[in-house]
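Single-structure report; data block below.
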Amino acid sequence: MEDLVTGAAQIPAAPARSRPQTGDGAPILSMRHVTKVFGGKVMALEGMSLDIHEGDFVSLLGPSGCGKSTALRLVAGLIRPTSGRIDWGGGQQKGDIGVVFQEPTLMPWATVAQNVWLPLRLRGKSFRSVEADVKEALDLVGLGNFLDAYPRELSGGMKMRVSIARALVTRPRLILMDEPFAALDEITRHKLNDDLLALRARIGATIVFVTHSVFESVFLSNRIVVMAARPGRVLTELAVEAPYPRADEYRSTPDYAHHCGAATAALHQAMGEG
C-alpha cells in the first residue's frame, strides 16, 4: 500500500519476463528524415532519424524547445510529420502504444479505477468486462487498494502512478513517457525511477522517455539520444551498458558518474556551448 502523504510504494514482486538486455534485431519503430513545421514558420524537427528496438529504454535528452515532446507526439500519432516517414515493424502495431504525459491529466470527478478504465472505455469496453485488467494495472503500480479513491485524495506521486496504470491497461508493447516525473520532488522522483525499472522488467515493454535530467536518463536508459537545439535532430547517441536491474546504489558508482559526465558534455554541445 502507498502512503497518502509521501507517495511511497513498492511494486509487487513478480518474475521478470525474458527480455533482451538492449534492443536488437529489426526495429519496431523507425523515424526516417522526419521534419515537423508548425504554422508554416516554426521548424520543430528537421531530418530526424531514429530506430527503436524491442526491449529498448531510450531517453530523449536535449535543451528546452529542441523538439523532444514533438517527436513523442509524432510517434503517438497525435500529430503528423511535415515530411519524412515513421515506419512500424517487428510485429508492432501503430496503435499498440501507451502514453504518459508530464501532467497526470486525471478526471477529478472519476475514481482511480474509472480513470484507468478510460482508454478501454473509448474502445467500447464496459467496466465490468475489464475490471480485472484495471485492477491488474493498478496492482502493477502499487495502487491496488485505491480503486475507489479520487484524484483529490492522492499525492502527486500517486497521481502519476494512476497515469502510468492507465497507459498500461491496454497492455502496450511500446510506452511513450513525456517528462512524467519532472514536477515531483527529488526523493519521490528517485523512487519512481526505481519503480519504473522494476515495472519494465516485469511487463517487458519498450520505453521512449523524454527528460531534461542527465541523471535520470543515465539511471533509466540503455540508450540516450541527445538532440540538438531547434530545429531538433539527433546530435549523438550514448550507450549505457550497466546491467539491469539497477538499484539505487548504482547512482554512487564511478560508472554512473562517467556516463553522467559524457551526457552532460553532449548536452552542452547540443546547446552550442562546446
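Could you work out the local net charge near His190, counting Lys and Arg as +1, Asp and Glu as -1, over the other residues with Cβ closer than 11 Å to its Cβ?
-3
Quick one: net charge of Asp248's neighbours, Cβ under 15 Å, K/R +1, D/E -1?
Once positives and negatives cancel, what remains is -2.
Relative to the longest principal axis of the C-alpha atoms of the chain, give the angle of the C-alpha long axis of helix 127-140, reported between 0 and 90° and rounded to the nearest 10°.
It works out to around 60 degrees.
Distance between the C-alpha centers of region 241-271 and region 130-161? Whole Å please.
The distance from the Cα centre of region 241-271 to that of region 130-161 comes to 32 Å.
Find the relative contact order for region 103-171 and round it to a whole percent, using C-alpha pairs within less than 8 Å whose residues are 6+ positions apart.
Details: 83 pairs, mean separation 33.7, N = 69.
After rounding, I find 49 percent.
Bin width 5 Å, alpha-carbon pairs only: give the P(r) of region 115-207 as whole percents, running from 0 to the bin holding the largest distance.
Calculated over all Cα pairs of region 115-207, the distribution is 3, 13, 25, 25, 21, 10, 3, 1 percent.
Mean-square fluctuation check for the chain, GNM, Cα pairs under 10 Å: which of Arg80, Arg128, Arg200 is largest?
Arg128
For the chain, what is the largest minus smallest coordinate of the Cα atoms on each principal axis, given in angstrom and ordered from greatest to least?
51, 44, 35
According to the Cα gyration tensor, what semi-axes, each the square root of 5 times an eigenvalue, does the equivalent ellipsoid of region 68-175 have, listed from largest to smallest in whole Å?
The equivalent ellipsoid of region 68-175 has semi-axes of 27, 16, 12 Å.
Mind scanning Lys68/Lys191; Lys68/Lys159; Lys36/Lys135; Lys36/Lys125 and naming the pairs with a C-alpha gap bigger than 32 Å?
Too far apart for the 32 Å limit: Lys36/Lys135; Lys36/Lys125.
Quick check: net charge around Arg123, other residues with Cβ under 14 Å of its Cβ, Lys/Arg +1 and Asp/Glu -1?
Details: positive: Arg121, Lys125, Arg166, Arg171; negative: Asp96, Asp133.
Around Arg123, the surrounding residues sum to +2.
Compute the helix-to-body angle for 254-270: its Cα long axis versus the longest principal axis of the chain, expressed 0 to 90° and rounded to tens.
60 degrees
Once every Cα of region 21-77 carries one equal point scatterer and solvent is ignored, give the base-10 log of I(q)/I(0) from the Debye formula at q = 0.26, 0.29 Å⁻¹, two decimals.
-1.16, -1.30
Is there a quick way to get the dipole size of the chain? I mean about its Cα centre, with the Cβ of Lys and Arg at +1 and of Asp and Glu at -1; what is the value in debye to the nearest 20?
1100 debye
Tell me, His259, His33, His190 in order of fewest to most beta-carbon neighbours within 10 Å?
His33, His190, His259
Taking the Cβ of each residue in Phe127, Phe181 as the centre, tally the other Cβ atoms inside 10 Å and list the residues starting with the fewest.
Exposure proxy ranking, most exposed first: Phe127, Phe181.
How long are the three semi-axes of the equivalent ellipsoid of region 118-274, in whole Å, if each is the root of 5 times an eigenvalue of the C-alpha gyration tensor, listed from largest down?
Square roots of five times the eigenvalues give 32, 17, 15 Å.
Read-outs: derived from the displayed coordinates by stated rules, not from any lab. Note that the structure is predicted; figures quoted are calculated from it, not measured. All Cβ positions, even for glycine, are placed from backbone atoms using ideal geometry, and neighbour counts span all protein chains on display.
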